[in-house]
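Working notes, structure below.
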Amino acid sequence: MSNVLITQEQIQTRLKEIAEEINSKYDEITLLVTLTGGVYTAIDLSKYITIPCRIEFVKISSYGHEQNAGIVQLKYCSIERGEHFKNLMIVDDVFDTGNTLDFLVKYINNNFTYDNLYTMMLLDKPFRREKDMDITYVGFTIKDEFVYGYGLDLKDYERNLTEIRYV
């Protein structure tokens, strides 16, 4: 049976707080959203951002349980190589091992230029960390629980839930 870990109200309140900080610190922002988990976070966050905001997407696959364990691959990026950004922010659902974010930062550094690079993770699972990185904005720090809802899947379903649940 599943239980609610973080309510819709808690998520929206935290995203508003983060957006208020973004609005006060920057004059424009590009959100680079990881598909598929980061979409809900990015869309709701962008609703509270009042400065000019651009949204782009990247699809990354990481394999943890198959024979290709530990491999991270880029599947899609909506941005043309060589593009420059003033303020680029990676938005993702969960920061756990750090492998996906490490891969994405290296990809960005090899293919784009920017004045400032920021990160926003809805959930932080620090106990699973293999590669530590500075995260600019964290929604919630959680324990080692399997979570789903609000963009996170349970066997490819349940992303559409408005809250985050744990099994």
List pairs: first residue in the stretch 40-63 and assigned to a strand (DSSP E or B), second residue of a type in the set (Lys, Arg) anywhere in the structure, Cβ distance under 9 angstrom, at least six positions apart or on different chains. Val58/Lys75; Lys59/Lys75; Ile60/Lys75; Ser61/Lys75
Test: Val94 is closer than 16 Å to Ser62 by Cβ, in a strand (DSSP E or B) and among the β-branched types (Val, Ile, Thr): yes
Among the residues of the stretch 104-115, is there at least one that is free of Cβ contacts under 8 Å to residues at least 24 places away in the same chain and in a loop (DSSP other than H, G, I, E, B)? no
Leading residue by the ranking (nearest to Thr30 (Cα to Cα)) among those in the stretch 103-113 that are crowded, with 16+ Cβ neighbours inside 10 Å and among the aromatic types (Phe, Trp, Tyr): Phe112
Residue within the stretch 119-142 that is farther than 16 Å from Gly38 by Cβ, modelled with pLDDT of 95 or more, among the acidic types (Asp, Glu) and assigned to a strand (DSSP E or B) present: no
Go through Met120, Met89 for me and flag whichever is buried (at least 20 other Cβ atoms within 10 Å of the Cβ) and out of contact with any Asp or Glu (no Cβ under 8 Å at 6 or more places or on another chain). Met89
For the stretch 8-32, which positions are loosely packed, with under 13 Cβ neighbours inside 10 Å and not in a helix (DSSP H, G or I)? Asp27, Glu28
Would you check if Gly98 is touching a Lys or Arg at 6+ places or on another chain (Cβ under 7 Å) and either surrounded by 13 or more Cβ atoms within 10 Å (Cβ to Cβ) or modelled with pLDDT under 95 (or both)? yes
Check the stretch 78-101 and report whether any residue there is over 18 Å from Arg14 (Cβ atoms), in contact (Cβ under 8 Å) with a residue 40 or more places away in the chain and charged (D, E, K, R). yes
Determine whether the stretch 128-143 contains at least one residue that is of a type outside the set (Ser, Thr, Tyr), crowded, with 17+ Cβ neighbours inside 10 Å and over 24 Å from Ile22 (Cα atoms). no
Condition broken by Val167, with the remaining ones in (1) surrounded by fewer than 14 Cβ atoms within 10 Å (Cβ to Cβ); (2) under 15 Å from the mean Cα position of the chain (by Cα); (3) among the aliphatic types (A, V, I, L, M) satisfied: (2)
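The values are calculated or read from the model by the stated rules, or taken from the named source; none is laboratory data. Worth saying up front: this structure is predicted, and the values here are computed from it rather than measured. No Cβ is skipped: glycine too gets one built from the backbone with ideal geometry, and neighbour counts run over all protein chains shown.
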